[in-house]
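Worksheet: the structure to be examined is printed underneath.
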């Protein structure tokens, strides 16, 4: 097997560039989600009772995102190693690593699962509870900002040859092809 490409986001793009793109993605996503929904539900008054639940959800969105990445792997019986890494502002960071090689199709599913699940769930919640659309759109926008690095990896994986195998390394992914 030969390494076709190594994806290391922080080496290729830099932490600050990814953070800035994520922030602007959050901002644009909130505007594009909230304004149309606010126009659709213009007769409904917004409710501010769920602030504590909203704050807890914002704190849990990153661990839930990480767990959703490993969900497709657990469904097909692959082993996923969970660990708690360094603390960030007093909060532990959940790490999930798969120790197997994945096909191109499977890595695409793994990268898209959190985006599809959480964004879909938040948009569905907006239709069920229109008095809380401001909370749901903020959560969806923050999650879309988290998905920026997944989308960058996804773009690289889609460009890879069809029969490639993707291996997770410490700082990213190796895309391997047969000689």
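Since every read-out is calculated from the coordinates, none of them should be taken as a lab result. Small disclaimer: the values here were computed from a predicted structure and weren't measured. Neighbour counts are summed over all protein chains in view; Cβ atoms, including those assigned to glycine, are modelled from backbone coordinates with ideal geometry.
Would you mind ranking 34, 173 by Cβ crowding within 10 Å, fewest neighbours first? Before the final figure, lay out each step's value.
Details: 34 18, 173 21.
Least crowded to most crowded, the residues run 34, 173.
Taking Cα atoms, how many degrees apart are the long axis of helix 104-128 and the longest axis of the chain, rounded to 10 and kept between 0 and 90?
Helix 104-128 sits at roughly 0 degrees to that axis.
Fewest Cβ neighbours within 10 Å first, please rank 97, 162 accordingly. The partial results should precede the final answer.
Details: 97 14, 162 8.
Ordered from fewest to most neighbouring Cβ atoms within 10 Å, 97, 162 come out as 162, 97.
Report, in degrees rounded to the nearest 10, the 0 to 90 angle that the Cα long axis of helix 15-40 makes with the longest principal axis of the chain.
With rounding to tens, the tilt is 40 degrees.
For the chain, what does -39500 (n - 2.57) per DSSP helix run (n ≥ 4), summed and divided by total residues, give at 222 nm, in deg cm²/dmol to the nearest 500?
Computed mean residue ellipticity for the chain: -20000 deg cm²/dmol.
On a 0 to 90 degree scale, rounded to 10, what angle separates helix 133-146 from the longest Cα axis of the chain?
Its long axis makes an angle of about 20 degrees.
Could you please state, rounded to a whole Å, how far the C-alpha centre of the stretch 1-40 is from the C-alpha centre of the stretch 70-146?
Cα centroid to Cα centroid, the span is 14 Å.
Could you state the principal axis extents of the C-alpha atoms in the stretch 65-160, from the largest down, to the nearest angstrom?
The Cα atoms of the stretch 65-160 stretch 45, 35, 25 Å along the principal axes, largest first.
Convex hull over the Cα atoms of the chain, averaged projected area in nm²? Don't skip to the end; give the middle numbers.
On the way: hull surface 46.3 nm².
Computing the convex hull of the Cα atoms and averaging its projections yields 11.6 nm².
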